[in-house]
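**Student:** Provided herewith is a single structure, encoded as C-alpha cells, for subsequent inquiry.
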Amino acid sequence: MQHHTTKTGSVGIVIPQYFQHDDTFGLVSGQTLDGFTLAYETYGELNADKSNALLICHALSGNHHVAGSHSPTDPKPGWWDNFVGPGKAINTDHFFVVCSNNLGGCHGSTGPSTVNLKTSLPYGPDFPIVTVEDWVHSQAQLADYLGIDTWAAIVGGSIGGMQVLQWSISYPNRLKKAVMIASAPKISAQNIAFNEVARQAILRDPGFNEGHFYSGDHYPRQGLTLARMLGHITYLSDDVMRLKFGRELKEGKLNFDFSAEFQVESYLRYQGETFSDHFDANTYLLMTKALDYFDPAAQYQDALSTAIQHVEANFLLIAFTSDWRFSPERSEEIVKALIEKNKRVTYAKIDAAQGHDSFLMDITRYKKLLQAFLA
C-alpha cells in the first residue's frame, strides 16, 4: 500500500539500479550496439495498475541521480532534489519516478568509458554517435522491462525537454503528459557554435590522445575544464553574473598578472575543474553532438507541425525570460505547432533572472505550475 504524507521531505537513501538489454540495439547512425546497460534510479511506489509512472529526462551533463542521497554522509543530494520527493512539485507520494543515465553517459550506462566486451578495453572513441531518438528507444526498452506501458508524464529540461518531445513523436500513445522546460525544437547555429568550441577545446588537448586516454597517465582535463567554463557562461544570464560577482576582486586589489583576480574568473575555474574530475571527455563530445543533431522537423520538410501531428500527450511548456541559450521564442515555436494541430498545450513564460539554469531553481511560480499540471 502506498504511504501518503503531507510534509515535504527527501526520498532518503537511494540505490542506483541497472537495466541490461542483451539484444543487438540499432542506432539512428546505422551502427549497432551488442546490447547495453542503463543505470537508473526510482523513487516512490509503482501502483497496482502501473498508471502512476513518471519519467524524468536529464540535461546535458546530468545523470540518473535526481533525488535523495547515496549514503548518509553524501554531501550533495540528487540534481533535482528540490523538486522530487514526498509533497514536492514532483510528488513521490503520488508518482513512481524513474530517471536513467542516457546511453553514452559516464555514470553507469554503457558509454565510451565502459568496457567493450569484444575488445576487453573501454570503447573510447569507438563508441558510436548516439542521438536523442536513440535515448528514447533505449528508455522505451527500460519501460518495457519495468512493465510500464504508458507514462503518466515525461518531464525534462533543456536537452531533456527534447527527449520529451521525441518521446511524444516516437511513442505517442505511451505518455499522457509531456513537460518541456527551457527547451527547443532544435538548437540555433549560435548554440552549435558554442558546442563546437567546447568540443575543440577537448579534441585539441594533448591529453585527449584521439579519445584513447583511459589507460595512460594523461587525461584531457584542460580541454574539459575549458568546455565546461564556456558552457557555464551560456547557462547563466548577464544579470545573474552581475548580481553574483559584479566586478568583485578576490583580493580587493589588482595584481597585474594572469591569476584569477576577479571573483567570476575564480568561480569559472572552480566549476570547470570540479566538472573535469567526474565527467568523461568522450561523453561530453557525444552529448553535445546529440544536442546539435536533434531536429525532428527535418524529416518533414522542416515543418514542425507535421512532425508533431500524431502526438497525443497533453503538453506543458515552460520558458524563462533571461534564458538566452534556449530562449522563450524557441518554446513558442513548439506551442505554435501544437496549436496549429489542435493539440492540448499550456505555456508559461516565467520571469527569472538565472538564465538557462532557472529550470533547476526554486522559483515559486514555476514549481506551483509544474505541481498543478502534474496533479
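**Student:** State whether the range 117-169 is rounded, prolate or oblate according to the following rule on the C-alpha gyration tensor (a ≥ b ≥ c being the square roots of its eigenvalues): a/c under 1.5 gives rounded; otherwise a/b larger than b/c gives prolate, and the remaining case gives oblate.
**Tutor:** Oblate is the answer for the range 117-169, as a/c is 1.5 or above yet b/c matches or exceeds a/b.
**Student:** Restricting the calculation to Cα positions, tell me the Rg (one decimal) and the Dmax (whole number) of the range 231-375 in Å.
**Tutor:** Cα-based Rg and Dmax for the range 231-375 come out at 19.7, 61 Å.
**Student:** Now for a different question. Enter the Cα centre distance for the pair the range 1-76 and the range 270-338, rounded to the nearest angstrom.
**Tutor:** So the separation of the two Cα centres works out to 21 Å.
**Student:** What are the ³J(HN,Hα) values, in whole Hz, obtained from phi via the Karplus relation 6.51 cos²θ - 1.76 cosθ + 1.60 with θ = phi - 60°, for each residue of the range 158-167 in sequence order, with x given for Gly and Pro?
**Tutor:** 6, 5, x, x, 5, 4, 4, 4, 5, 4
**Student:** Would you pull out the residues with amide H under 5 Å of residue 315's amide H, same chain only if 5 or more places away, H placed 1.01 Å from N?
**Tutor:** 178, 344, 345, 346
**Student:** Read phi for every residue in the range 238-255 and hand back ³J(HN,Hα) as whole Hz from Karplus 6.51 cos²θ - 1.76 cosθ + 1.60, θ = phi - 60°, with x for Gly and Pro.
**Tutor:** 4, 4, 5, 5, 5, 5, 6, 10, x, 10, 4, 9, 4, 10, x, 8, 7, 9
**Student:** Could you identify which residue out of 300, 219, 235 has the top mean-square fluctuation in a GNM of the chain using Cα springs shorter than 10 Å?
**Tutor:** For the chain, modelled as a Gaussian network with Cα springs under 10 Å, the answer is 300.
**Student:** A follow-up question, please. Quickly rank 197-207, 176-186, 74-84 as a protection proxy: mean count of other C-beta atoms within 10 Å, highest first.
**Tutor:** With the highest mean Cβ count within 10 Å placed first, the list reads 176-186, 74-84, 197-207.
**Student:** Under a GNM of the chain (C-alpha, springs under 10 Å), which listed residue has the highest mean-square fluctuation: 357, 217, 292?
**Tutor:** Comparing 357, 217, 292 in a Gaussian network model of the chain, the most mobile one is 217.
**Student:** How large is the direction-averaged shadow of the alpha-carbon convex hull of the range 209-309, in nm²?
**Tutor:** 10.6 nm²
**Student:** Moving on to the next point. Using only the alpha carbons, work out the radius of gyration and Dmax of the range 261-303 in angstrom.
**Tutor:** Taking only Cα atoms of the range 261-303, I get Rg and Dmax of 16.9, 51 Å.
**Student:** Let me ask something else about it. At q = 0.24, 0.26 Å⁻¹, what log₁₀ I(q)/I(0) does a Debye calculation on the Cα points of the range 55-99 give, no solvent, two decimals?
**Tutor:** Scattering profile of the range 55-99, log10 relative to I(0): -0.87, -0.98.
**Student:** Taking 0.36 nm per residue of sequence separation and subtracting the Cα-Cα distance, how much length would be gained by fully extending the chain between residue 232 and residue 45, in nm to one decimal?
**Tutor:** Here the segment from residue 232 to residue 45 would lengthen by 63.8 nm.
**Student:** Using a Förster radius of 30 Å, what is the FRET efficiency between residue 29 and residue 260 based on their Cβ-Cβ separation? Nearest 0.05, please.
**Tutor:** The computed FRET efficiency comes out at 0.15.
**Student:** In addition: How would you rank 247-258, 156-167, highest first, on the average number of other Cβ atoms within 10 Å across their residues?
**Tutor:** Highest mean packing first, the order is 156-167, 247-258.
**Student:** Just how large is the dipole of the chain about the Cα centre, in debye to the nearest 20, putting +1 at every Lys and Arg Cβ and -1 at every Asp and Glu Cβ?
**Tutor:** Result for the chain is approximately 960 debye, rounded to the nearest 20.
**Student:** What share of the DSSP beta bridges in the chain is antiparallel, in percent to the nearest 5?
**Tutor:** 35 percent
**Student:** Mind checking the full-extension length gain between residue 144 and residue 344? Use 0.36 nm per residue of separation minus the Cα-Cα distance, one decimal, nm.
**Tutor:** Residue separation times 0.36 nm, minus the Cα-Cα distance, leaves 69.4 nm.
**Student:** Taking the Cα centre of the range 261-375 as the origin, how large is its charge dipole in debye, to the nearest 20, when only Lys and Arg (+1) and Asp and Glu (-1) carry charge on their Cβ atoms?
**Tutor:** 660 debye
**Student:** 5 Å is the cut-off here: which amide hydrogens, built 1.01 Å from N in the peptide plane, fall below it relative to residue 262, excluding neighbours closer than 5 in sequence?
**Tutor:** So residue 262 has HN proximity to 250.
**Student:** Could you order peptides 113-122, 303-312 by the average number of other Cβ atoms within 10 Å of their residues, highest first?
**Tutor:** 303-312, 113-122
**Student:** Determine the principal axes of the Cα atoms in the range 294-368, then give the extent along each, sorted from largest to smallest and rounded to whole angstroms.
**Tutor:** Dimensions of the range 294-368 along the principal axes of its Cα atoms: 36, 23, 15 Å.
**Student:** Given springs between every Cα pair under 10 Å in a Gaussian network model of the chain, which of 47, 102, 191 has the largest fluctuation?
**Tutor:** Maximum fluctuation in the GNM of the chain, among the listed residues, is at 47.
**Student:** Per residue of the range 333-344, in order, report the coupling 6.51 cos²θ - 1.76 cosθ + 1.60 (Karplus, θ = phi - 60°) as ³J(HN,Hα) in whole Hz, putting x for Gly and Pro.
**Tutor:** With the stated coefficients, the range 333-344 comes to 4, 5, 4, 4, 5, 5, 5, 4, 9, 6, 8, 7 Hz.
**Student:** Amide H of residue 116 versus every other amide H placed in the peptide plane: which residues, excluding those fewer than 5 positions away on the same chain, fall under 5 Å?
**Tutor:** Here 121, 123 satisfy the definition.
**Student:** A further question on this structure: With just the Cα atoms defining each centre, how far is the range 208-241 from the range 88-148? Give it in Å.
**Tutor:** 22 Å
**Student:** Send over the per residue convex hull volume for the range 1-127, Cα only, as a whole number of Å³.
**Tutor:** Residue-normalised Cα hull volume stands at 142 Å³.
Every read-out reported here was derived from the displayed coordinates using simple, explicitly stated rules and does not represent laboratory data. Because the structure is predicted, anything quoted here is derived from the model rather than measured. Glycine also receives a Cβ, built like all others from the backbone with ideal geometry; neighbour counts cover every protein chain displayed.
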